[in-house]
Amino acid sequence: MRDNPGSGEENDTGRTPHDPMAGRDTKRRRKIHLPHAGIVVLVGPSNSGKSTLLDRLVAEGVIKRTEAVSSDQFRMLVGDDEYVDWKNRPLSEADVIYAEYQQVSAKAFEAMEAMLAKRCRLNKLTWVDATHLYTEDRQRLIHLARKAHVPVIAIVLDVPEKELLERDARRDYPRGRQRVKQQVQQFKRTLRSIREDGFDANYVLKQPDELEFVRTANPLIVDMGVGIDIIGDIHGCYDEMIELIIRLGYVIEGENGLYRHPEGRKLVSVGDVSSRGPASLPCLMFWQQHCAAGLAYMVDSNHGWKIARYLDGRDVTLSHGDEFVEQELNELEREHGTETAQRVRTDLRGFLLNAPSHLVFSRNGVRQVVVAHAGLRDHFIGKQSKRIQDYCRYGDVDGTDEHGRPGSEGLVRGSQFRRMYRLGT
């Protein structure tokens with residue numbers, strides 16, 4: 001029988017926390033890299049060690065206590081009681097108690113998911129401690145994460161049935177042999193189907209004590225160091241770009257011909273460095289080389305994305321100056337050979353395909369400036385998704401043409417966009 005018809009989940013509290021790493025050699029543990037934000041969905045029957053794992057990660061300083069929520073925690077917040085035992089009551093009483101418990105559980109999950117939505121919108125990381133044995137329960141969390149443009153991963157704890165039963169017998173509130181066996185059968189079905197759920201990553205763990213969990217930093221947040229110089233659309237005007245960079249105080253150092261600032265400042269491009277002007281290829285190669293050397297940053301843009309898809313062999317129509325990039329590449333091949341041209345194509349392809357949608361520059365951990373090509377909504381800042389990537393490339397678009405490109409009627413430009421952005425729309 002499911003505890004909550006709306007979610008079918010319960011977590012596994014009630015055990016004494018311990019240090020699972022005592023006496024172990026931590027140097028040889030395999031690492032699991034956690035997302036910087038989003039939702040980590042713990043999956044496993046009662047007694048599989050979900051709460052114990054969270055206690056360990058809190059003790060090790062990997063996560064904060066506030067980054068972990070559980071279904072039992074919210075049952076207590078909503079209904080005062082963590083667990084209600086109706087099995088040893090007369091049938092007339094048991095039916096009423098169970099119905100009330102189901103009602104409390106449903107409201108508890110509603111409250112927990114509402115709180116999760118708030119944390120996701122703020123780009124926080126949250127671990128969810130519940131059994132999550134049913135597809136519909138996991139899908140709700142995946143949908144919640146997708147709506148907020150944050151990652152969602154599943155960590156599945158695969159524990160033998162015998163051990164689950166032994167642990168259940170030691171609980172303050174045993175779930176009972178029958179329920180544990182029912183959950184084990186459902187868990188076996190979960191193992192077969194969870195890879196189709198749509199998580200960004202799935203980890204099935206048999207010995208979580210032997211693993212090391214590592215937090216990853218947000219790749220969109222960059223420390224601005226001593227300072228940055230932001231340069232707008234260049235569009236293939238290489239000579240003018242170099243003149244500007246020199247006026248900003250950058251000088252060529254070393255045999256590689258890269259520009260460096262004496263004070264350590266770095267260049268930042270808002271994209272669209274190619275197309276229209278007479279020297280698209282030199283501009284693209286300049287930013288690719290300087291970014292690779294850690295001397296500059298560049299964000300994605302509409303022209304950059306078009307060239308990236310062209311270099312990736314996709315079916316695109318080069319126009320509005322993008323065709324000049326193709327012409328310059330063909331000329332490079334004629335003058336320097338196929339091998340050189342192919343190397344340049346490969347370098348530029350990887351560079352443009354992996355350009356971030358936007359970058360958040362900070363100082364002392366405090367955000368100072370956000371760089372994007374066309375625009376960005378407040379709640380998109382520091383997040384990455386296809387929707388955000390498109391928004392940063394094209395601006396606020398409410399439609400596409402028959403080829404899937406942004407429609408000109410839906411593109412907001414100039415003062416209209418600035419006015420809308422200030423109003424927070």
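The values are calculated or read from the model by the stated rules, or taken from the named source; none is laboratory data. Here the structure is a predicted model, which is why all the values come from computation and not from measurement. Cβ atoms come from the backbone with ideal geometry, glycine included; neighbour counts cover every protein chain shown.
Would you tally the residues in region 53-78 being among the aliphatic types (A, V, I, L, M) and assigned to a helix (DSSP H, G or I)?
8
Confirm whether Ala355 is within 20 Å of the chain's Cα centre (by Cα) and either buried (at least 21 other Cβ atoms within 10 Å of the Cβ) or modelled with pLDDT of 95 or more (or both). Yes: the conditions hold for Ala355. Checking the structure you have, find out if any residue of region 171-189 is under 29 Å from Lys64 (Cα atoms), among the hydrophobic types (A, V, I, L, M, F, W, C) and surrounded by 13 or more Cβ atoms within 10 Å (Cβ to Cβ). Yes: one or more hits.
I'm checking my understanding of the structure. Among residues of region 291-327 that are over 27 Å from Arg265 (Cβ atoms) and of a type in the set (Val, Ile, Thr), which one is surrounded by the most Cβ atoms within 10 Å (Cβ to Cβ)? Give the steps one after another, and end with the answer.
Residues of region 291-327 that are over 27 Å from Arg265 (Cβ atoms), as a first pass: 302, 305-327.
Among the residues that remain, those that are also of a type in the set (Val, Ile, Thr) are: 307, 316-317, 325.
Values: Ile307: 26, Val316: 17, Thr317: 11, Val325: 23.
Filtering first and then ranking leaves Ile307.
Just one residue in the set Ile230, Ile245, Ile252, Ile234 is of a type in the set (A, V, I, L, M, F, W, C), part of a helix (DSSP H, G or I) and either assigned by TED's automatic domain parsing to the domain that holds Val369 or surrounded by fewer than 11 Cβ atoms within 10 Å (Cβ to Cβ) (or both); that residue is Ile245. The residue that is farthest from the chain's Cα centre (by Cα), among those in region 120-136 that are of a type outside the set (S, T, N, Q) and surrounded by fewer than 20 Cβ atoms within 10 Å (Cβ to Cβ), is Tyr134.
For Leu165, indicate whether it is over 25 Å from Gly79 (Cα atoms), in contact (Cβ under 8 Å) with a residue 12 or more places away in the chain and over 28 Å from the mean Cα position of the chain (by Cα). So Leu165 passes the test.
For the criterion of being surrounded by 20 or more Cβ atoms within 10 Å (Cβ to Cβ), within 27 Å of Lys386 (Cβ to Cβ), at pLDDT 95 or above and not small (Gly, Ala, Ser), Cys283 passes. State whether one or more residues within region 58-74 are of a type in the set (Ser, Thr, Tyr), over 19 Å from Leu42 (Cα atoms) and not assigned by TED's automatic domain parsing to the domain that holds Lys383. No, region 58-74 has no match at all. Within region 138-148, the set of residues being surrounded by 22 or more Cβ atoms within 10 Å (Cβ to Cβ) and not small (Gly, Ala, Ser) comprises Arg138, Leu141. Pairs meeting the criteria (first residue in region 279-298 and more than 18 Å from Val222 (Cβ to Cβ), second residue charged (D, E, K, R), beta carbons under 6 Å, at least 6 apart or on different chains) are Ser280/Glu328; Leu281/Glu328.
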